[in-house]
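Visitor: Sharing a structure, written as structure tokens. Questions coming.
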Amino acid sequence: MRHHLLIIDPQNDFCDLPQSALPVSGANADLQRLAQLISHHGTQLDGITVTLDSHHRYDIAHPAFWRGPHGEQPLHTQISLADVDSGHWLPANPVLLAEVRAYLQQSSLYVWPPHCLVGSWGHNIQQDLNQALQQWECQRQRVMQLLFKGLNPLTEHFSAFEADVPRADDPATCFDSRQLAPLLAADHILIAGEALSHCVASSVRSLLRHLGPDFARKLILLQDCSSPVPGFEKQAEDFVAEISRLGARLQHSTTLFS
């Protein structure tokens, strides 16, 4: 049986560490358990794909993109089309007003703290997991596949495989089946990473939307290697129930290969 490990956004900014921008409770321990799995059972992993949330500080979902009537910037704020049309929140660059309006007609928008900024500590893979991944590459004499998402500042990118609002002028925001060759070749795809309620759920749903619901039968969610954003536990539970109904398996990392 060929096992491929798909790790969603295992980055410092999502770990519950003192300097993290968007800490997910339990994430650091999740990734330590995942590191143990790779260290102890790396020979049974035929491939690994790691997705990396990758942003600029100037981003449609970061404060610097927006201005209020008195020059203030939003944070942990939902912005709607009505907010823009009323002038409550406007893009700092007025040239983008029409584009922002079109975006908000297709998608909701939440402004997060700046996170996973390229080149920063927060963008890096959690240290225990990173060490295990480096050792796995040498042990197996092959490299992990790295998928960067979120670099376009004009669209959110929760799913690893497509932006929330794909852009015709940027292929990196669109679903690309060529990235999936290692997953399609596997018998089982192990799912782990952060956060279960957001980017993990969005990524899996993208796969099922494009590849069909039967693809869920290949999936094994490592329940002890993924946690929800605090306050979004219900969304995570709904996602787990959804993929379970489609045939995905739920497993703990400590018993997967026992």
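Visitor: With the contact rule set at Cα under 8 Å and sequence spacing of 6 or more, what percent relative contact order holds for region 24-155?
Guide: Worked out over region 24-155, it gives 42 percent.
Visitor: Report the rotationally averaged projected area of region 63-111 based on its alpha-carbon convex hull, in square nanometres. It would help to have the intermediate numbers written out before the result.
Guide: Details: hull surface 11.6 nm².
Projected over every direction and averaged, the Cα hull of region 63-111 covers 2.9 nm².
Visitor: Another question about this same structure. Can you put Asp9, Asp46, Asp169 in order of accessible area, largest first, using a 1.4 Å probe?
Guide: Asp169, Asp46, Asp9
Visitor: If you don't mind, another one. Please turn the phi angles of region 170-177 into ³J(HN,Hα) values with the Karplus equation 6.51 cos²θ - 1.76 cosθ + 1.60 (θ = phi - 60°), one per residue in order, whole Hz, x for glycine and proline.
Guide: 9, x, 5, 8, 9, 5, 10, 5
Visitor: If you don't mind, there's one more thing I want to ask. Return one whole number: the accessible area per residue of the chain in Å², for a 1.4 Å probe.
Guide: Here the residues of the chain average 45 Å² of exposed surface.
Visitor: On the protein heavy atoms, probe 1.4 angstrom, tell me the percent of accessible surface of the chain carried by carbon and sulfur.
Guide: Carbon plus sulfur share of accessible area: 53 percent.
Visitor: Taking only C-alpha pairs under 8 Å that are 6+ residues apart, what is the relative contact order of region 137-190 in percent?
Guide: 20 percent
Visitor: Using Cα pairs under 8 angstrom and six or more residues apart, how large is the relative contact order of region 104-224, in percent? Each step should come with its number before you reach the end.
Guide: Values: 99 pairs, mean separation 21.0, N = 121.
Answer for region 104-224 is 17 percent.
Visitor: Under the rule of at least 5 residues apart or a separate chain, name every residue whose amide H is placed under 5 Å from the amide H of Tyr58.
Guide: Residues meeting the criterion, in which the H sits 1.01 Å from N, do not exist here.
Visitor: Another question about this same structure. Using amide H atoms built 1.01 Å from N in the peptide plane, name the residues 5+ places from Ser226, or on other chains, whose amide H lies under 5 Å from its own.
Guide: Under 5 Å from the amide H of Ser226: Gly193.
Visitor: Follow-up question, since we're still on this one. For a quick check of understanding: with a 1.4 angstrom probe and all protein chains in place, what accessible area in square angstrom does Val229 have, to the nearest ten?
Guide: Counting only protein heavy atoms, Val229 exposes about 30 Å² to solvent.
Visitor: Something else: Please list, in order along region 86-92, the HN-Hα scalar couplings obtained from phi with the Karplus expression 6.51 cos²θ - 1.76 cosθ + 1.60 (θ = phi - 60°), rounded to whole Hz, x for Gly and Pro.
Guide: 7, x, 5, 9, 9, x, 4
Visitor: Here's a follow-up. Return the label of the correct value of Cα Rg over 2.2 N^0.38 Å, as calculated from the structure shown, out of (1) 0.95; (2) 1.22; (3) 1.03.
Guide: Matching the structure shown: (3).
Visitor: Tell me, what HN-Hα J-couplings in whole Hz come from the Karplus equation 6.51 cos²θ - 1.76 cosθ + 1.60 at θ = phi - 60° for each residue of region 110-122, using x for Gly and Pro?
Guide: Result, rounded to whole Hz: 10, 9, 9, x, x, 8, 6, 6, 4, x, 9, 4, x.
Visitor: Now, a different point. Just how far, in whole angstrom, is region 124-155 from region 232-256 if you go by their alpha carbon centroids?
Guide: Value for the Cα centre distance between the two parts: 24 Å.
The values are calculated or read from the model by the stated rules, or taken from the named source; none is laboratory data. Since this is a predicted model, take the numbers as computed values, not measurements. Side chains included, ligands, DNA and RNA excluded: accessible areas come from the protein's heavy atoms. Shrake-Rupley method; radii C 1.70, N 1.55, O 1.52, S 1.80 Å.
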